[in-house]
Each structure stands twice: as structure tokens, then as C-alpha cells.
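Below: one structure, written as C-alpha cells.
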Amino acid sequence: MPSLSNRLWMILTLKCGQASILMSDSLDRKLLWHERLALRGHLIACRVCPTLKTQLETIARTSRRKPPSDINLSSDAKQRLKEAIRASQTIEE
């Protein structure tokens, strides 16, 4: 566990790379108080990172959605997919 002075230093000096890691981590776990504070301060001061945060949240929300079960391909589309798969397999060999 970082010392109090290290936590305060993190809050004051968080860089975009570190902020992006925290934004990603926040989708999987609850951030520690000093991480939340550092990230919140960074998001207020930075012009770029709020956009990244929105994008990460959109990706996470979209990835959790259940795909529609009523997708049906036409027989022509199925045939084109089969041919494309066969063609890619012959290229790899």
C-alpha cells in the first residue's frame, strides 16, 4: 500500500497514460479513494481524457449487451461467407 505522501503525489501528478489505466481499471473494480480523486482531478484538467473515458464506457456498455437473437442471413450471404472462409484457409496453407 502506498504511503500517504505517495498517494498525494499521485493525485497531484497523474499523467494521461496513468489516467487511462485507471479509467480502464474502474470498469472492472472500485478504485481506491486516492485513485478516484487523482482521476477526477485529471479529468477536470485534461481536454483529451474525458473523451477517452466516454469511449471506454461506451465500449464496456456495448460489450455487455446481449446480441440480438433474430439475425438471419440470406442463403446468398451464407454462401459468400462459406466461400470467403474457404478462400482464407487456402491462402494460409
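No value in this document is a laboratory result; all are computed from the given coordinates. Because the structure is predicted, anything quoted here is derived from the model rather than measured. Counting neighbours? That spans all protein chains shown, and the Cβs are built from the backbone with ideal geometry, glycine included.
Overview of results
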read-out: Complete set of residues in region 1-16 that are in a helix (DSSP H, G or I), surrounded by 13 or more Cβ atoms within 10 Å (Cβ to Cβ) and either aromatic (F, W, Y) or in contact with a Gly (Cβ under 9 Å, 6 or more places away or on another chain) (or both); value: W9, I11
read-out: Residues of region 17-30 that turn out to be buried (at least 16 other Cβ atoms within 10 Å of the Cβ) and not small (G, A, S), as a count; value: 2
read-out: Region 62-93 - residue that is β-branched (V, I, T) and within 30 Å of L27 (Cβ to Cβ) and, of those, surrounded by the fewest Cβ atoms within 10 Å (Cβ to Cβ); value: I71
read-out: Long-range neighbours under 8 Å by Cβ, at least six apart or interchain, first residue free of Cβ contacts under 8 Å to residues at least 40 places away in the same chain within region 1-30, second assigned to a loop (DSSP other than H, G, I, E, B) and not charged (D, E, K, R); value: M10/P2; C16/C46; C16/V48; A19/C46; L22/L14; L22/L31; D25/L31
